[in-house]
1. Say each of residue 61 and residue 49 gets a label point 7 Å from the Cα, pointing the same way as Cα to Cβ; how far apart are those two points in nm?
2. Which value, in Å², gives the accessible area per residue of region 33-106 when a 1.4 Å probe is used on the protein heavy atoms?
3. If r is the Cβ-Cβ distance from residue 26 to residue 113 and R0 is 35 Å, what FRET efficiency results, to the nearest 0.05?
4. Too long at a 30 Å Cα-Cα cut-off: which of 40/153; 45/153; 40/60; 60/153?
5. Distance from a point 7 Å along Cα→Cβ of residue 34 to each backbone N in region 45-67: keep the residues under 16 Å and list them by number.
6. When N counts the residues of region 41-100, how does its alpha-carbon radius of gyration compare numerically with 2.2 N^0.38 Å, as a ratio?
7. Solvent-accessible area of residue 154, probe 1.4 Å, all protein chains present, reported in Å² to the nearest ten, please.
8. Please report the carbon-and-sulfur percent of the accessible area for region 38-116; probe 1.4 Å, protein heavy atoms only, DNA, RNA and ligands left out.
Amino acid sequence: VPAIAGKTCPKCHPVHVLDRLLVAANYDEEFIVFMVKTLKYRFVKIVANDIATHMAGYFKSLSARFDLQSPMSVVAVPLHAKRLHWRGFNQAELIATELARLLSFPYLPDVLTRNRATSPQADIKDRASRISNAQGMFNLVVEPLSNVVQPLKSKIILLVDDVSTTGATLNDAARVLKTAGAREVIGFVFARG
C-alpha cells in the first residue's frame with residue numbers, strides 16, 4: 001500500500017529496515033519498461049541520465065511537499081562482480097552518480113559489495129523466494145585506511161537502484177548500512193512493478 005512520501009508504516013518497521021521507499025515511476029507503463037530494458041539489456045548507458053533526471057524531478061517535487069531532510073548521501077546498490085563483468089557497468093551506479101549530481105548530494109562510491117552471485121530477482125516469480133534470495137547478499141566495504149564507514153555515521157542515505165519488486169534487495173542493503181551507523185536509509189528506485 002503506498003504511503004505518504006514512501007514512509008514505512010510503524011506496523012511494517014519490524015520487518016523492513018528501509019525508512020522510506022520512493023518510487024518515481026510505475027513499471028506497468030510500457031515506456032518505463034522500455035527504458036529499463038534498454039539500459040540493462042541493450043547496454044545504452046545514456047538512458048541512465050534520462051532515468052536520473054526523472055528521479056531528480058520526482059524527488060524535488062516530494063521534498064517540497066514533505067519532510068525529506070537533507071543533505072543526504074547517495075549510495076548505489078552494487079552488482080556482483082560476475083554480473084558487472086557481463087554487463088560492463090552497474091546501471092544503479094550510473095543512475096546514482098547522475099542523481100547525486102542533479103540533487104547536489106554527495107555520492108559515496110564503493111560502500112557496499114555484493115558478496116555472492118544470486119539469481120536475478122526478475123527471474124524469480126514468487127515473493128518468498130525473492131526475499132530468501134536477497135538475504136545476506138551485501139557486505140560493507142572495509143579496507144585498511146578506508147574512510148567508508150565514517151561517512152555513514154548518523155547520515156541519511158539515499159539508496160538507489162533501477163527497479164524494485166518485493167524490496168528485498170534494498171532491505172538487505174539497508175540492513176548493512178544501518179549496522180554501519182546510518183541514521184536513516186531511504187530506498188529510491190526508478191520503477192516498481
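The values are calculated or read from the model by the stated rules, or taken from the named source; none is laboratory data. Quick caveat: nothing in here was measured; it's all calculated off a predicted structure. For neighbour counting, all protein chains shown are included, and Cβ atoms are generated from backbone atoms with ideal geometry for every residue, glycine included. Ligands, DNA and RNA are excluded from the accessible area calculation, which covers all protein heavy atoms including side chains. Shrake-Rupley method; radii C 1.70, N 1.55, O 1.52, S 1.80 Å.
1. 2.3
2. Here the residues of region 33-106 average 52 Å² of exposed surface.
3. It comes out at approximately 0.70.
4. The pairs that break the limit, which is 30 Å between Cα atoms, are 40/153; 45/153.
5. 47-48, 50-51
6. In units of the globular-protein estimate, region 41-100 measures up at 1.30.
7. 80
8. Answer for region 38-116 is 53 percent, counting heavy atoms of protein chains only.
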